[in-house]
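All remarks here apply to the structure that follows.
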Amino acid sequence: MLLFIPSPPINGFSLGPLTIRFYALCLIAGIIAGWMIGLRRWRARGGTQETFETVMLWAIPLGIVGSRIYHVVTHLSDYFGPGINPWSVFFIWEGGIAIYGAIGGGALAAWIACRIKGARFAALADSLAPGIAVGQALGRLGNWFNQELYGHPTTLPWGLEIAPEHRLPGFEQYETFQPTFLYELLWNLLVAGILIWADRRFRMGRGKVFALYLALYGFGRFFTEGMRTDPSETMFGPLRQNQFAAILICLAGVLLLALLTKFRPGRETEVELPGPVADGSSTEDAEAPLADATATPESDDGQTAPEPRDDE
């Protein structure tokens, strides 16, 4: 028993009338880590801190809203039915958020903010991708504190001990379970490392880093989701609903990466335009003036002017 992973005896603490949940602290730590990594990568690409912070202040709250909407839509029976308070859909402090909805809602908000600020959404997504993976890894620690979303019973040395009051019906006689939180945590950290390595090795851009993130995350999530014992709607036989979503995300990432590699090779030279795109045109349409500004100048007689020396 000494080799098994113990579960924390508490999942929060009180400060006067306020109860602080470790799950919430893990989510906040994940947001901070994603923010810091993303900002560092965005500035390395030539972006400004002001633009990044504006986009994130749009993306984070709408990402939380999206995560709640996805959870409620996929668990309607928990919120609507005889004897259930329908207003509980807004009780997010009681738990119930989903990363799929967070990515969708956050991406939509970030796209809108990028349009307003004149930033390239694809470049921002590439900058954020490794930080998102690290943030997800830290967020999974919250499941450990809550003793939730664990896998099937196991006697492996790294099995996770679950207290009797947290064991699901039908599993009361078992003491240790697959630590799916740990599997996904380690996988997400590996994904973040792969993304950073691939970006440096191949100078990926134009959304390719984010596409690779989708492919890798969806691939790993399919397997960890299949180990879980918590109730879930099933599709196509024993396939859990979130497993089906993971397959779609993985395939979408692979297809997007292939298309971007073929039709949009290389990397952006500019990640922000000189000013906001106020006329409704896309940032891609505004790329031409930037290209013209970097073209080789010509002299008045039509001859190509000599290029400046590096020491001028």
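A short reminder: the numbers here are calculations on the coordinates, not readings from a lab. Bear in mind the structure is a predicted one, so any value in this text is a computation, not a measurement. Note that each Cβ is placed from the backbone with ideal geometry, even for glycine, and that neighbours are counted across all protein chains shown.
Structure above, values below:
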{"quantity": "Sequence of Lys262, Lys208 once ranked by neighbouring C-beta atoms within 10 Å, starting from the fewest", "calculated": "Lys262, Lys208"}
{"quantity": "Over the chain: helical MRE at 222 nm, DSSP H runs n ≥ 4 each giving -39500 (n - 2.57), nearest 500", "calculated": "-18500 deg cm²/dmol"}
{"quantity": "Long-range amide H partners of Glu161 with built H, under 5 Å", "calculated": "Ile5, Ser7, Phe177"}
{"quantity": "Relative contact order of segment 1-154, defined on C-alpha pairs under 8 angstrom at six or more residues apart (%)", "calculated": "40 percent"}
{"quantity": "For Arg240, residues with placed amide H under 5 Å, excluding near neighbours", "calculated": "Met235"}
{"quantity": "Residues Ile10, Ile31 arranged by fewest to most Cβ contacts within 10 Å", "calculated": "Ile10, Ile31"}
{"quantity": "Cβ-based exposure ranking for Trp35, Trp42, Trp87, in which fewest neighbours within 10 Å come first", "calculated": "Trp87, Trp35, Trp42"}
{"quantity": "Rounded Å value of the spacing that divides the Cα centres of segment 1-63 and segment 220-254", "calculated": "25 Å"}
{"quantity": "Relative contact order for the chain, counting Cα pairs under 8 Å that sit 6 or more residues apart, in percent", "calculated": "21 percent"}
{"quantity": "Tail weight of P(r) past 37 Å, computed on alpha-carbon pairs of the chain, percent", "calculated": "26 percent"}
